[in-house]
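> Here you go, one structure.
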Amino acid sequence: MSIPAKSTLHDGSGGARPAGDRTGEARRVEHVRDRSPKAARDGTRRGVRSRLMPWIVAGAVGLASAGLVESAQPALAAGTATAVPTSTATTAPTPTPTAAPVPTQRTTSLSVRQQPAYTVHQILPNAPANAVALTIDDGPDPTWTPRVLALLRQYNVHATFCLVGRQAQAHPDLVRQIVAAGHAICNHSMTHPQPFAHRPAAEVQQQISRAQSAITSAAGTAPHLFRAPGGDWSPTVFEAAAKQGLAPIAWNVDPRDWSRPGTQKIVDSLLAAKPGDILLCHDGDGDRPDNAGTDRSQTVQALRTALPQLKSKGYTFVTL
(Lines give C-alpha, C1' and ligand atoms only; values in the text may rest on other atoms or scores of the structure.)
Protein backbone atom coordinates (compact mmCIF):
# COMPACT_ATOMS: atom_id res chain seq x y z
CA MET A 1 0.00 0.00 0.00
CA SER A 2 1.45 3.40 -0.97
CA ILE A 3 0.76 6.66 0.89
CA PRO A 4 1.06 10.00 -0.98
CA ALA A 5 3.92 12.10 0.28
CA LYS A 6 1.87 15.24 0.95
CA SER A 7 -1.23 13.60 2.33
CA THR A 8 -2.44 14.45 5.81
CA LEU A 9 -3.04 11.78 8.40
CA HIS A 10 -5.45 12.16 11.31
CA ASP A 11 -4.84 10.84 14.78
CA GLY A 12 -7.52 9.71 17.14
CA SER A 13 -7.82 13.18 18.70
CA GLY A 14 -9.11 14.75 15.52
CA GLY A 15 -5.90 16.67 14.97
CA ALA A 16 -3.91 16.46 11.73
CA ARG A 17 -0.29 15.76 11.52
CA PRO A 18 2.11 16.01 8.61
CA ALA A 19 2.59 13.05 6.38
CA GLY A 20 6.30 13.39 6.96
CA ASP A 21 5.95 11.84 10.46
CA ARG A 22 7.32 8.55 9.24
CA THR A 23 7.84 6.86 12.59
CA GLY A 24 4.13 6.47 13.53
CA GLU A 25 3.21 5.95 9.93
CA ALA A 26 5.73 3.21 9.48
CA ARG A 27 4.47 1.40 12.53
CA ARG A 28 0.90 1.64 11.24
CA VAL A 29 1.84 0.49 7.76
CA GLU A 30 3.80 -2.39 9.25
CA HIS A 31 0.81 -3.34 11.39
CA VAL A 32 -1.48 -3.29 8.33
CA ARG A 33 0.90 -5.45 6.41
CA ASP A 34 1.11 -7.99 9.25
CA ARG A 35 -2.73 -8.25 9.29
CA SER A 36 -3.44 -7.99 5.59
CA PRO A 37 -4.17 -11.71 4.80
CA LYS A 38 -6.67 -12.15 7.67
CA ALA A 39 -8.05 -8.66 7.27
CA ALA A 40 -8.59 -9.30 3.60
CA ARG A 41 -10.54 -12.44 4.35
CA ASP A 42 -12.58 -10.74 7.07
CA GLY A 43 -13.28 -7.80 4.86
CA THR A 44 -14.35 -10.06 2.05
CA ARG A 45 -16.71 -11.99 4.36
CA ARG A 46 -18.17 -8.79 5.76
CA GLY A 47 -18.67 -7.44 2.30
CA VAL A 48 -20.31 -10.61 1.02
CA ARG A 49 -22.48 -10.84 4.13
CA SER A 50 -23.56 -7.20 3.85
CA ARG A 51 -24.37 -7.60 0.16
CA LEU A 52 -26.26 -10.90 0.68
CA MET A 53 -28.18 -9.88 3.78
CA PRO A 54 -30.98 -8.04 1.90
CA TRP A 55 -31.44 -11.08 -0.33
CA ILE A 56 -31.41 -13.44 2.63
CA VAL A 57 -34.05 -11.38 4.43
CA ALA A 58 -36.19 -11.20 1.30
CA GLY A 59 -35.81 -14.94 0.82
CA ALA A 60 -36.79 -15.62 4.44
CA VAL A 61 -39.96 -13.57 4.01
CA GLY A 62 -40.83 -15.56 0.91
CA LEU A 63 -40.12 -18.82 2.68
CA ALA A 64 -42.25 -17.80 5.64
CA SER A 65 -45.16 -17.06 3.33
CA ALA A 66 -44.75 -20.55 1.89
CA GLY A 67 -44.80 -22.12 5.35
CA LEU A 68 -41.06 -22.97 5.26
CA VAL A 69 -39.70 -20.43 7.69
CA GLU A 70 -38.03 -23.19 9.68
CA SER A 71 -35.80 -23.91 6.66
CA ALA A 72 -34.91 -20.24 6.32
CA GLN A 73 -33.88 -19.77 9.97
CA PRO A 74 -30.53 -21.64 9.66
CA ALA A 75 -29.68 -19.53 6.62
CA LEU A 76 -30.38 -16.30 8.50
CA ALA A 77 -28.34 -17.45 11.46
CA ALA A 78 -25.37 -18.43 9.33
CA GLY A 79 -25.69 -15.41 7.06
CA THR A 80 -25.42 -17.62 3.98
CA ALA A 81 -27.93 -18.82 1.43
CA THR A 82 -29.60 -22.17 2.09
CA ALA A 83 -31.30 -24.38 -0.44
CA VAL A 84 -35.08 -24.49 0.00
CA PRO A 85 -36.32 -28.02 0.60
CA THR A 86 -38.97 -29.30 -1.71
CA SER A 87 -42.29 -29.71 0.08
CA THR A 88 -44.31 -32.84 -0.46
CA ALA A 89 -48.09 -32.43 -0.44
CA THR A 90 -49.87 -34.77 1.94
CA THR A 91 -53.29 -35.97 0.92
CA ALA A 92 -55.69 -36.71 3.76
CA PRO A 93 -57.00 -40.28 3.65
CA THR A 94 -60.56 -40.60 2.40
CA PRO A 95 -62.78 -41.95 5.19
CA THR A 96 -64.53 -45.20 4.48
CA PRO A 97 -68.32 -44.66 4.57
CA THR A 98 -70.16 -46.56 7.28
CA ALA A 99 -72.92 -48.76 5.99
CA ALA A 100 -76.39 -47.98 7.31
CA PRO A 101 -77.64 -50.58 9.78
CA VAL A 102 -80.07 -53.10 8.36
CA PRO A 103 -83.28 -53.19 10.42
CA THR A 104 -83.92 -56.57 11.97
CA GLN A 105 -86.95 -58.07 13.62
CA ARG A 106 -86.61 -58.36 17.38
CA THR A 107 -86.96 -61.95 18.55
CA THR A 108 -85.56 -61.70 22.07
CA SER A 109 -87.04 -64.52 24.12
CA LEU A 110 -89.03 -63.75 27.26
CA SER A 111 -89.49 -65.90 30.31
CA VAL A 112 -92.37 -68.30 29.78
CA ARG A 113 -95.51 -67.19 31.59
CA GLN A 114 -98.11 -69.48 33.07
CA GLN A 115 -101.06 -67.20 32.31
CA PRO A 116 -101.83 -64.10 30.21
CA ALA A 117 -102.29 -60.58 31.53
CA TYR A 118 -105.96 -59.83 32.24
CA THR A 119 -105.59 -56.25 33.47
CA VAL A 120 -103.77 -53.10 32.38
CA HIS A 121 -101.48 -52.95 35.40
CA GLN A 122 -100.20 -56.47 34.84
CA ILE A 123 -98.72 -55.12 31.59
CA LEU A 124 -98.18 -51.50 32.59
CA PRO A 125 -97.49 -51.28 36.35
CA ASN A 126 -97.02 -47.51 36.17
CA ALA A 127 -100.23 -46.78 34.27
CA PRO A 128 -102.67 -44.32 35.89
CA ALA A 129 -104.92 -45.84 38.53
CA ASN A 130 -107.99 -45.04 36.43
CA ALA A 131 -106.55 -46.55 33.22
CA VAL A 132 -108.53 -48.85 30.94
CA ALA A 133 -107.46 -50.38 27.62
CA LEU A 134 -109.64 -50.91 24.56
CA THR A 135 -108.55 -53.78 22.31
CA ILE A 136 -109.90 -54.34 18.78
CA ASP A 137 -109.54 -57.87 17.34
CA ASP A 138 -109.49 -59.80 14.04
CA GLY A 139 -108.76 -56.99 11.57
CA PRO A 140 -107.83 -55.06 9.72
CA ASP A 141 -111.03 -55.00 7.68
CA PRO A 142 -111.46 -52.62 4.71
CA THR A 143 -115.05 -51.76 5.73
CA TRP A 144 -115.02 -51.59 9.52
CA THR A 145 -111.46 -50.67 10.51
CA PRO A 146 -111.67 -47.19 8.91
CA ARG A 147 -114.95 -46.54 10.77
CA VAL A 148 -113.46 -47.61 14.09
CA LEU A 149 -110.40 -45.43 13.45
CA ALA A 150 -112.65 -42.45 12.74
CA LEU A 151 -114.49 -42.92 16.06
CA LEU A 152 -111.27 -43.24 18.01
CA ARG A 153 -109.98 -40.08 16.41
CA GLN A 154 -113.24 -38.25 17.15
CA TYR A 155 -113.10 -39.08 20.88
CA ASN A 156 -109.30 -38.92 21.18
CA VAL A 157 -109.00 -42.54 22.29
CA HIS A 158 -106.04 -44.80 21.57
CA ALA A 159 -106.54 -48.55 21.35
CA THR A 160 -104.57 -51.75 20.81
CA PHE A 161 -105.37 -53.58 17.56
CA CYS A 162 -104.87 -57.36 17.66
CA LEU A 163 -104.13 -58.12 14.01
CA VAL A 164 -104.50 -61.38 12.09
CA GLY A 165 -101.44 -61.91 9.90
CA ARG A 166 -103.51 -62.90 6.88
CA GLN A 167 -105.46 -59.65 7.12
CA ALA A 168 -102.31 -57.57 7.60
CA GLN A 169 -100.90 -59.04 4.39
CA ALA A 170 -104.11 -58.27 2.50
CA HIS A 171 -104.45 -54.69 3.84
CA PRO A 172 -101.03 -53.29 4.74
CA ASP A 173 -102.26 -49.74 4.13
CA LEU A 174 -104.75 -50.11 6.98
CA VAL A 175 -102.03 -51.45 9.27
CA ARG A 176 -99.94 -48.37 8.52
CA GLN A 177 -102.93 -46.12 9.24
CA ILE A 178 -103.39 -47.81 12.62
CA VAL A 179 -99.76 -47.24 13.58
CA ALA A 180 -99.68 -43.69 12.18
CA ALA A 181 -102.69 -42.77 14.35
CA GLY A 182 -100.75 -43.72 17.50
CA HIS A 183 -102.46 -47.02 18.24
CA ALA A 184 -100.61 -50.15 19.41
CA ILE A 185 -100.54 -53.47 17.54
CA CYS A 186 -100.64 -57.06 18.77
CA ASN A 187 -100.00 -60.45 17.13
CA HIS A 188 -103.27 -62.45 16.89
CA SER A 189 -101.92 -65.46 14.89
CA MET A 190 -101.66 -65.89 11.15
CA THR A 191 -105.06 -67.35 10.26
CA HIS A 192 -106.98 -67.34 13.60
CA PRO A 193 -107.50 -71.14 13.79
CA GLN A 194 -109.76 -72.54 16.54
CA PRO A 195 -109.38 -74.37 18.79
CA PHE A 196 -105.82 -73.14 19.16
CA ALA A 197 -104.27 -74.29 22.45
CA HIS A 198 -103.84 -78.00 21.76
CA ARG A 199 -102.58 -77.86 18.20
CA PRO A 200 -99.12 -79.35 17.57
CA ALA A 201 -96.30 -77.22 18.93
CA ALA A 202 -94.81 -76.74 15.46
CA GLU A 203 -98.11 -75.42 14.11
CA VAL A 204 -98.60 -73.05 17.02
CA GLN A 205 -95.06 -71.74 16.56
CA GLN A 206 -95.63 -71.28 12.83
CA GLN A 207 -98.90 -69.41 13.39
CA ILE A 208 -97.19 -66.94 15.69
CA SER A 209 -93.94 -66.52 13.74
CA ARG A 210 -95.62 -66.08 10.36
CA ALA A 211 -98.02 -63.51 11.77
CA GLN A 212 -95.14 -61.66 13.40
CA SER A 213 -93.35 -61.40 10.05
CA ALA A 214 -96.49 -60.34 8.16
CA ILE A 215 -97.51 -57.69 10.69
CA THR A 216 -93.99 -56.31 11.06
CA SER A 217 -93.63 -56.07 7.28
CA ALA A 218 -96.90 -54.16 6.97
CA ALA A 219 -96.49 -51.92 10.01
CA GLY A 220 -92.78 -51.18 9.88
CA THR A 221 -92.61 -52.02 13.58
CA ALA A 222 -92.87 -55.31 15.43
CA PRO A 223 -95.63 -56.21 17.90
CA HIS A 224 -94.56 -57.07 21.44
CA LEU A 225 -97.85 -58.68 22.51
CA PHE A 226 -99.69 -61.89 21.56
CA ARG A 227 -103.34 -62.76 22.01
CA ALA A 228 -104.42 -66.36 21.36
CA PRO A 229 -107.39 -66.86 19.04
CA GLY A 230 -110.50 -67.30 21.19
CA GLY A 231 -108.37 -66.71 24.30
CA ASP A 232 -107.32 -70.36 24.08
CA TRP A 233 -104.11 -70.78 26.13
CA SER A 234 -101.80 -73.68 26.97
CA PRO A 235 -98.16 -74.20 28.01
CA THR A 236 -97.37 -74.79 24.33
CA VAL A 237 -98.85 -71.40 23.40
CA PHE A 238 -97.04 -69.57 26.21
CA GLU A 239 -93.72 -71.12 25.20
CA ALA A 240 -94.17 -70.29 21.51
CA ALA A 241 -95.06 -66.67 22.32
CA ALA A 242 -92.08 -66.32 24.64
CA LYS A 243 -89.73 -67.56 21.90
CA GLN A 244 -90.91 -64.66 19.72
CA GLY A 245 -90.43 -62.17 22.55
CA LEU A 246 -94.20 -61.64 22.93
CA ALA A 247 -96.08 -61.05 26.18
CA PRO A 248 -99.48 -62.85 26.32
CA ILE A 249 -102.55 -60.70 26.89
CA ALA A 250 -106.24 -61.55 27.45
CA TRP A 251 -109.20 -59.39 28.61
CA ASN A 252 -111.67 -59.14 31.44
CA VAL A 253 -114.57 -57.26 29.75
CA ASP A 254 -116.13 -59.19 26.85
CA PRO A 255 -119.39 -57.84 25.40
CA ARG A 256 -119.39 -60.69 22.83
CA ASP A 257 -119.93 -58.11 20.11
CA TRP A 258 -118.78 -60.65 17.52
CA SER A 259 -122.11 -62.49 18.06
CA ARG A 260 -124.14 -59.33 17.35
CA PRO A 261 -126.17 -59.45 20.61
CA GLY A 262 -127.60 -55.97 20.07
CA THR A 263 -126.04 -52.54 20.39
CA GLN A 264 -127.38 -51.83 23.88
CA LYS A 265 -126.01 -55.06 25.33
CA ILE A 266 -122.56 -54.17 24.00
CA VAL A 267 -122.86 -50.68 25.49
CA ASP A 268 -123.97 -51.98 28.89
CA SER A 269 -121.07 -54.40 29.04
CA LEU A 270 -118.51 -51.74 28.15
CA LEU A 271 -119.91 -49.23 30.66
CA ALA A 272 -119.54 -51.80 33.45
CA ALA A 273 -115.72 -51.53 33.13
CA LYS A 274 -113.66 -50.83 36.23
CA PRO A 275 -110.24 -49.17 36.52
CA GLY A 276 -107.53 -51.43 35.11
CA ASP A 277 -109.88 -53.44 32.86
CA ILE A 278 -109.02 -54.59 29.34
CA LEU A 279 -112.05 -54.26 27.03
CA LEU A 280 -112.59 -56.53 24.01
CA CYS A 281 -114.26 -55.51 20.73
CA HIS A 282 -113.93 -56.58 17.08
CA ASP A 283 -113.50 -54.88 13.71
CA GLY A 284 -113.19 -58.16 11.79
CA ASP A 285 -114.15 -61.83 11.90
CA GLY A 286 -111.35 -64.30 12.42
CA ASP A 287 -113.54 -67.23 11.40
CA ARG A 288 -114.15 -65.90 7.89
CA PRO A 289 -111.37 -65.73 5.30
CA ASP A 290 -110.93 -62.12 4.19
CA ASN A 291 -113.77 -61.18 6.59
CA ALA A 292 -116.26 -61.67 3.76
CA GLY A 293 -119.79 -60.69 4.84
CA THR A 294 -118.66 -59.48 8.28
CA ASP A 295 -121.06 -57.04 9.96
CA ARG A 296 -119.61 -54.94 12.77
CA SER A 297 -122.22 -52.18 12.66
CA GLN A 298 -123.39 -52.93 16.22
CA THR A 299 -119.83 -52.60 17.52
CA VAL A 300 -119.37 -49.25 15.81
CA GLN A 301 -122.66 -47.91 17.19
CA ALA A 302 -121.87 -49.20 20.68
CA LEU A 303 -118.44 -47.54 20.69
CA ARG A 304 -120.02 -44.29 19.56
CA THR A 305 -122.11 -44.34 22.73
CA ALA A 306 -119.75 -45.93 25.23
CA LEU A 307 -116.50 -44.07 24.55
CA PRO A 308 -117.61 -40.57 25.54
CA GLN A 309 -119.43 -41.93 28.60
CA LEU A 310 -116.37 -43.83 29.79
CA LYS A 311 -114.29 -40.70 29.39
CA SER A 312 -116.87 -38.66 31.30
CA LYS A 313 -116.47 -41.13 34.18
CA GLY A 314 -112.83 -40.12 34.39
CA TYR A 315 -111.26 -43.18 32.75
CA THR A 316 -107.94 -42.79 30.93
CA PHE A 317 -107.52 -44.92 27.80
CA VAL A 318 -104.05 -46.40 27.37
CA THR A 319 -102.41 -48.64 24.80
CA LEU A 320 -100.85 -51.89 25.95
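The values are calculated or read from the model by the stated rules, or taken from the named source; none is laboratory data. All values reported here derive from a predicted model rather than from experimental measurement. A quick note on method: Cβ atoms are made from the backbone with ideal geometry, for glycine too, and the neighbour counts reach across all protein chains shown. All accessible areas refer to the heavy atoms of the entire protein, side chains included, with ligands and DNA or RNA removed. Shrake-Rupley method; radii C 1.70, N 1.55, O 1.52, S 1.80 Å.
> Would you please classify the overall shape of region 127-169 from the alpha carbon gyration tensor, given that a ≥ b ≥ c denote the square roots of the eigenvalues, rounded means a/c under 1.5, and beyond that prolate means a/b larger than b/c while oblate covers the rest?
It comes out oblate by the Cα gyration axes.
> In addition: Hey, rough spin-label estimate for H158 and R113, points 7 angstrom out along Cα→Cβ, what's it come to in nanometres?
2.0 nm
> Heads up, I need the accessible area for D287: 1.4 angstrom probe, whole protein in place, Å², nearest 10.
Approximately 110 Å² for this residue.
> Of T160, T319, which has the most accessible area with a 1.4 Å probe, and how do the rest follow in descending order?
Sorted descending by solvent-accessible area, the residues read T319, T160.
> While we're looking at this one, here's another question. Using only protein heavy atoms and a 1.4 Å probe, report how much of H282 is accessible, in Å² to the nearest 10.
Counting only protein heavy atoms, the figure is 20 Å².
> Label D287 and S312 with points 7 Å out from Cα along Cα→Cβ: what is the distance between them in nm?
3.5 nm
> Say a paramagnetic label sat at a point 7 Å from the Cα of A150, along Cα to Cβ; which residues of region 247-274 have their backbone N under 20 Å from it?
263
> Accessible area, 1.4 Å probe, largest first: how do R304, R227, R199 sort?
If we order R304, R227, R199 from most to least accessible, we get R304, R199, R227.
> I would also like to ask the following. Which of rounded, prolate, oblate describes region 175-298, given a ≥ b ≥ c as roots of the alpha-carbon gyration tensor eigenvalues and a/c under 1.5 marking rounded, otherwise prolate only if a/b is larger than b/c?
Prolate is the answer for region 175-298, as a/c is 1.5 or above and a/b outweighs b/c.
> Can I ask one more? How do W144, W233 rank by accessible surface area computed with a 1.4 Å probe, from largest to smallest?
Final ranking, largest accessible area leading: W233, W144.
> Okay, moving on. Using a 1.4 angstrom probe and counting only protein chains, how large is the accessible area of K265 in Å², to 10?
Result for K265: roughly 130 Å² accessible.
> Sticking with this one: Between region 127-178 and region 248-271, what is the separation of their alpha carbon centroids in Å?
Taking the Cα centre of each part, region 127-178 and region 248-271 sit 16 Å apart.
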